[in-house]
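Scroll down for the structure; my scribbles are underneath it.
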Amino acid sequence: MKRIFFIFILCLSLMTVLSACTKANSPKKSDIATEKSPAPDVSVVSIANGSTLKLSDLKGKVVLLNFWATWCPPCREEIPSMMKLNGFMAGKPFQMVAISIDEGGKQSIESFFKETGFSLPTYLDESGASSKSYGVTGVPETFIIDKQGVLIKKIIGGAAWDSPESVAFIEGLMK
C-alpha cells in the first residue's frame, strides 16, 4: 500500500513539473495572431537562396502565409492550386510565403519538389517561432494578410486557391 501511495505521489509531482514546462513554452493566448489584428512579424529563411525574409518587409503586398509539410496529404492536394494562384498573381502586389515545418529541412523539401514537380516559394523556420506566433495547431493552415500588415483571414485545412472566389478575394485586398 505504501508503495502504491509513493508511486501516486511521484506521478503527481512529475505531472506538475511537466505541465509547468508546457505552460512556460506555450505562447499566451494574447500573443497568438488573431483576425483583424496586426500580423506578427516573423523572419524565415528561403530554401531557394538562403536569404532571410521578414514579414514586415512585405507591407504594401497581400501575403498568403501558408504552413505546410511534405508528409501532409491535404498540403499535397492544395499545392497545385497554390502554384496556379502564384502564377495568376505574378506582377501584382502579392507574395506567397510557404513555411515548411518538415524536420528534414531544406533537403527533404527539395527532394519532395524534385519527385513531384511541385514548386512553391518555400521558407524554413527552424526555431518554430513563426508557427508559435500564429498559433498553428496543424497543417495546412493559411493566413491572409492585407497590404497594411493586418491579418484578415485564417484558414484551417486545404483550400482551392485557384478558385474564382479565392482569386477574387485576394485581388479585392489589393485595391
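Residues in the range 125-134: is at least one over 14 Å from VAL42 (Cβ atoms) and either at pLDDT below 95 or surrounded by 14 or more Cβ atoms within 10 Å (Cβ to Cβ) (or both)?
No, there is no match, as no residue in the range 125-134 is over 14 Å from VAL42 (Cβ atoms) and either at pLDDT below 95 or surrounded by 14 or more Cβ atoms within 10 Å (Cβ to Cβ) (or both).
Return a yes/no flag: does the range 135-145 have any residue that is in contact with a helix residue (DSSP H, G or I) (Cβ under 7 Å, 6 or more places away or on another chain) and of a type in the set (Gly, Ala, Ser).
no
Give the range 51-94 a look and list any residue that's of a type in the set (Phe, Trp, Tyr) and assigned to a strand (DSSP E or B), or say none.
PHE67, TRP68, PHE94
Does the range 147-160 hold any residues that are over 16 Å from the mean Cα position of the chain (by Cα) and closer than 21 Å to PHE88 by Cα, and which are they?
Within the range 147-160, LYS147, ALA160 qualify.
Exactly one condition in (1) out of contact with any Asp or Glu (no Cβ under 7 Å at 6 or more places or on another chain); (2) modelled with pLDDT of 95 or more is not met by LYS84; state its number.
It fails just one condition, (1).
Please work out which one of (1) surrounded by 15 or more Cβ atoms within 10 Å (Cβ to Cβ); (2) in a loop (DSSP other than H, G, I, E, B) is the condition ALA48 fails and give its number.
Failing condition for ALA48: (1).
Restricting the search to the range 145-164, which residues are surrounded by fewer than 17 Cβ atoms within 10 Å (Cβ to Cβ), assigned to a strand (DSSP E or B) and either in contact (Cβ under 8 Å) with a residue 24 or more places away in the chain or in contact with a Leu (Cβ under 9 Å, 6 or more places away or on another chain) (or both)?
Those that are surrounded by fewer than 17 Cβ atoms within 10 Å (Cβ to Cβ), assigned to a strand (DSSP E or B) and either in contact (Cβ under 8 Å) with a residue 24 or more places away in the chain or in contact with a Leu (Cβ under 9 Å, 6 or more places away or on another chain) (or both): VAL150, LYS153, LYS154.
Would you confirm whether any residue within the range 95-109 is assigned to a loop (DSSP other than H, G, I, E, B) and of a type in the set (Val, Ile, Thr)?
Residues of the range 95-109 that are assigned to a loop (DSSP other than H, G, I, E, B), as a first pass: 101-104.
Retained after the next criterion (residues that are of a type in the set (Val, Ile, Thr)): 101.
The answer is yes; a qualifying residue exists.
Look at the range 87-107 and say how many of its residues are small (Gly, Ala, Ser), modelled with pLDDT under 95 and out of contact with any Leu (no Cβ under 7 Å at 6 or more places or on another chain).
1
Which number in (1) surrounded by 17 or more Cβ atoms within 10 Å (Cβ to Cβ); (2) under 27 Å from LYS147 (Cβ atoms); (3) within 15 Å of the chain's Cα centre (by Cα); (4) not polar (S, T, N, Q) marks the one condition that MET89 misses?
If we test MET89 against (1) surrounded by 17 or more Cβ atoms within 10 Å (Cβ to Cβ); (2) under 27 Å from LYS147 (Cβ atoms); (3) within 15 Å of the chain's Cα centre (by Cα); (4) not polar (S, T, N, Q), just (3) comes out false.
If LYS175 passes every condition in (1) more than 22 Å from SER51 (Cα to Cα); (2) modelled with pLDDT of 95 or more; (3) not β-branched (Val, Ile, Thr) but one, which one does it miss?
Unmet for LYS175, out of (1) more than 22 Å from SER51 (Cα to Cα); (2) modelled with pLDDT of 95 or more; (3) not β-branched (Val, Ile, Thr): (2).
If the Cβ limit is 9 Å and pairs must be 6+ apart or interchain, which residue in the range 58-78 that is on the phi > 0 side of the Ramachandran plot pairs with which residue that is of a type in the set (D, E, K, R)?
GLY60/LYS147
Only one of (1) buried (at least 17 other Cβ atoms within 10 Å of the Cβ); (2) over 9 Å from the mean Cα position of the chain (by Cα); (3) hydroxyl-bearing (Ser, Thr, Tyr) fails for SER111. Which number is that?
Every listed condition holds for SER111 apart from (1).
The values are calculated or read from the model by the stated rules, or taken from the named source; none is laboratory data. These numbers were taken from a predicted model, which means no experiment stands behind them. Cβ coordinates were reconstructed from backbone atoms using ideal geometry, including for glycine residues, and neighbour counts include every protein chain displayed.
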